[in-house]
Amino acid sequence: MVILLLLIIPIITAIACVLIGKHSVSKYISIAGSFLALLYNIFLNYNIHVQHSLLGLNGFFYMDALSILTTQIVTIIGFASSLYSAGYMAAELHEGVVTERKLRWYYFLFHMFIFTMLLVCVTNNLGIMWVAIEATTLSTTFLVGFYNKKQHQEAAWKYIIICTVGITLALFGVILTYHSSKGVLGEIGYALNWTDLLTVADRFEPHLIKLAFIFILVGYGTKAGLAPMHTWLPDAHSQAPAPISALFSGVLINCSLYGIIRYHILTSKCVGPHYSSTLLMVFGLISVIVSIPFILVQRDYKRLFAYSSIEHIGFIALGIGFGGMYSVYGAELHTFNHAVTKSLLFFCAGNLFLKYKTTKMESIKGIIKVTPITGIILIIGVFAITGTPPFNIFVSEFMVLADGFASGNAFIIIFSSLLVVCITLIFIGYIYNIFKMIFGVSPEAIPKGEISKFTIAAMCFLLVFVLVISFYVPPLLREILNSIYDIIRNA
Amino acid sequence: MTQHIIVNSQIIDVLAILMLMSTIILIGTSRLKTCIWACVFRSFLLTLTSGLIAYFSGIHHIYITTGVSLVLKVVLVPGFLFYIVDKVNIKKEVESYISYTLSLLISCGIILIAYYSTLSIIQFENTFMRHCLPVSLAITLVGFFAMITRKKAITQILGLVTMEDGLFFAALSTSYGMPLIVELGVFFDILVSVIIMGLYVYRIKESFDTIDTGFLRDLRE
């Protein structure tokens with residue numbers, strides 16, 4: 001019951017937004033709803049801090065540290081993004097790009113999207129988790145194609161086809177898991193429940209679980225944006241409206257990775273950690289390497305940020321794969337850091353798009369003079385996302401790499417060395433591309449000033465997280481990250 | 001009892017082979033409406049299999065999924081696809097990136113791979129799963145193959161429906177279907193995804209004047 005309320009809040013908000021058509025009212029409802037979800041999640045977070053895990057509704061819901069971290073990210077980015085939407089969509093409405101009727105459905109799908117992501121994290125049943133991950137695709141297809149021009153339709157089509165195919169492959173993994181657990185647990189309805197699976201995972205048929213993990217990794221990995229299944233990601237992330245891009249890059253890929261980690265734990269318990277860790281590391285490294293050339297020669301700033309998400313999700317997969325105490329801690333901290341920083345950058349991208357009406361980097365000059373606040377935040381964000389000290393991403397990347405080098409395993413040390421090279425190249429690509437846009441003489445026709453107070457509030461809200469975690473990890477977050485290591489390790 | 005199951009499993013084996021053959025029709029034919037009819041036929045066989053398994057095993061919740069599957073996959077989804085085909089008024093038939101002969105050969109290879117990759121699992125099984133798991137994996141992978149080689153948006157949707165059918169059959173043959181709530185969730189997702197894809201076929205036809213997805217190439221580096 002306690003957990004159910006977390007899911008009901010976004011549904012009520014979605015329905016309320018659809019019923020109240022006026023944007024001047026519904027934007028406040030949207031903000032209030034996502035703020036309520038954020039507060040409620042902090043309350044749940046405190047409960048889990050005390051009780052370690054929560055079960056609800058006859059074992060249908062289950063939350064532990066791993067799920068609370070992901071729901072915390074969902075609600076934080078969800079709140080920031082609904083704040084940002086209020087300003088962004090008001091500007092679009094003012095210019096006549098969108099209509100109020102369309103915005104109704106925008107807010108409805110926005111909150112349904114948040115609902116599906118929360119459901120991924122709080123369900124105890126791995127089958128329902130599959131249904132929810134597929135539902136995240138379905139609820140966002142129209143958001144990717146929101147502006148409904150040719151390129152948006154193309155992105156939406158690629159998005160739904162590639163993701164649905166990927167997730168369909170994952171269903172085969174779920175079926176194999178169910179089959180093997182049924183062999184141990186017998187004819188019962190809860191043979192897909194995480195809590196029950198975990199107790200008997202060591203008695204599963206190893207061949208089945210290995211095959212299942214491959215299908216899960218390819219399937220959910222498609223949604224997480226792991227290379228080589230990432231091809232939908234740059235299109236969808238760049239064509240969606242900026243607040244939605246922020247949610248995509250910040251949380252959607254984390255939700256899919258959450259699914260992969262659950263199966264990683266099961267597989268490790270059944271056949272030992274070596275098998276699934278190696279697969280995670282290989283896919284992670286491929287993702288980081290694949291993103292480099294696209295970041296170096298990129299001409300479109302939204303696609304630049306999208307490719308950078310592929311790099312970071314690869315990095316997180318590598319950190320989980322390394323499996324040491326600091327690398328798992330660092331990787332999970334990295335999911336949080338990446339979510340807040342990348343969403344911040346997509347908000348900057350949204351402001352630039354509203355000002356300059358283009359996503360081509362060569363047409364943009366003199367940001368710092370046109371919108372000083374966006375310019376300064378963009379500079380901080382770019383330094384943070386590339387892992388420059390002292391910012392937050394540096395902290396988490398350093399932990400993972402240091403643990404990799406200290407592991408003593410030749411394989412992991414080679415991976416870590418390659419990573420250092422990759423991160424340096426990506427740093428160069430970013431600085432080269434972004435700094436050309438920040439300085440220089442802006443075109444005369446661009447009106448000076450910020451978009452609205454909502455967009456500034458959203459960016460400052462996320463900036464607080466970026467800056468605080470650069471110097472200090474709050475104790476509540478630290479506790480969660482430590483428990484996640486226990487969950488992954490004690491499998 | 002044992003003999004009973006052996007007899008039944010022969011009926012189910014025959015149905016499984018028929019399903020695989022109707023999936024191959026999807027690969028081998030060039031007429032779009034024939035493809036849809038082949039899918040309807042396969043989904044109908046699947047529903048029949050599901051009903052038989054429910055009857056033989058005496059597990060009641062399979063009857064519910066059978067009923068939902070009948071309404072959804074044999075009536076609603078194909079009906080919607082026929083409606084879309086008429087609405088966007090497709091003149092050219094199915095086109096493929098590779099020739100039909102080669103596609104058929106590759107499908108044969110896929111079936112071999114499906115048997116080979118499940119070999120380590122099925123050799124310990126003595127139920128009807130022994131034949132059905134490789135067949136269901138083959139149907140899934142052939143559907144996947146149809147999706148990536150066909151140019152028309154509608155055929156890609158058909159490939160997806162085929163994949164889902166294969167997986168439904170896999171769940172049925174390995175473990176008498178998934179838990180009811182999961183099964184219903186999966187059906188709901190399929191229905192919604194086919195509707196959304198159908199709407200996008202219509203929109204793409206409006207803006208690009210074709211549903212050949214080879215023309216979707218504005219977004220690239």
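A few remarks follow.
- Sorted by Cβ density within 10 Å, fewest first, the residues B:His61, A:His274, A:His179, A:His312: A:His274, B:His61, A:His179, A:His312
- Mean projected area (nm²) of the alpha-carbon convex hull when region A:42-192 is viewed from all directions: 10.9
- Cα-based convex hull, region A:439-491, per residue volume (Å³, whole number): 166
- Computed with the Debye formula from one identical point scatterer per Cα of region A:127-176, without solvent, the log10 of I(q)/I(0) at q = 0.21, 0.24, 0.25 Å⁻¹ comes to -0.69, -0.81, -0.85.
- Counting every other Cβ atom within 10 Å of each residue's Cβ, A:Cys460, B:Cys132 order from fewest to most as A:Cys460, B:Cys132.
- Against the rule of thumb 2.2 N^0.38 Å, how large the Cα Rg of chain B comes out: 1.05
- With at most 11 other Cβ atoms within 10 Å, longest stretch of chain A clear of loop GluC sites (Glu not before Pro) (DSSP): A:188-443
- Stretch in chain A that is longest and holds no trypsin sites (Lys or Arg not before Pro) that DSSP places in a loop and that have at most 16 other beta carbons within 10 Å: A:150-298
- Ratio of the Cα radius of gyration of region B:122-221 to 2.2 N^0.38 Å, where N counts its residues: 1.34
- Computed over region A:181-246, the range of Cα coordinates on each principal axis works out to 47, 24, 16 Å, biggest value leading.
- Whole-Hz Karplus values for region A:57-65 come out as 6, 6, x, 6, 9, 8, 9, 9, 4 Hz, taken residue by residue from phi with 6.51 cos²θ - 1.76 cosθ + 1.60 and θ = phi - 60°; glycine and proline positions read x.
- Amide H contacts under 5 Å for A:Phe61, placed H, 5+ residues apart: A:Gly56, A:Asn124
- Charge tally around A:Tyr159: other residues with Cβ under 14 Å, Lys/Arg +1 each, Asp/Glu -1 each, net 0.
- For A:Asp300, the residues whose modelled amide H falls within less than 5 Å of its own, excluding neighbours fewer than 5 places apart on the same chain, are A:Met361.
- Counted without the sites themselves, the longest stretch of chain B free of chymotrypsin sites (Phe, Trp or Tyr not before Pro) in a DSSP loop having at most 14 other beta carbon atoms within 10 Å is B:125-221.
- Going from the residue with the fewest nearby Cβ atoms within 10 Å to the one with the most, A:Leu257, B:Leu180 rank B:Leu180, A:Leu257.
- Region A:292-304 - phi-based ³J(HN,Hα) in whole Hz, Karplus 6.51/-1.76/1.60, Gly and Pro as x: 4, x, 6, 6, 5, 10, 6, 10, 10, 5, 5, 5, 4
- Residues in region A:258-272 carry Karplus couplings, in order, of 4, x, 5, 4, 4, 6, 4, 5, 4, 5, 4, 5, 7, 10, x Hz; the curve used is 6.51 cos²θ - 1.76 cosθ + 1.60 with θ = phi - 60°, and Gly or Pro positions show x.
- Cα pair count fraction exceeding 36 Å, expressed as % - chain A: 24
No value in this document is a laboratory result; all are computed from the given coordinates. The structure displayed is predicted, hence computed values, not measured ones. No Cβ is skipped: glycine too gets one built from the backbone with ideal geometry, and neighbour counts run over all protein chains shown.
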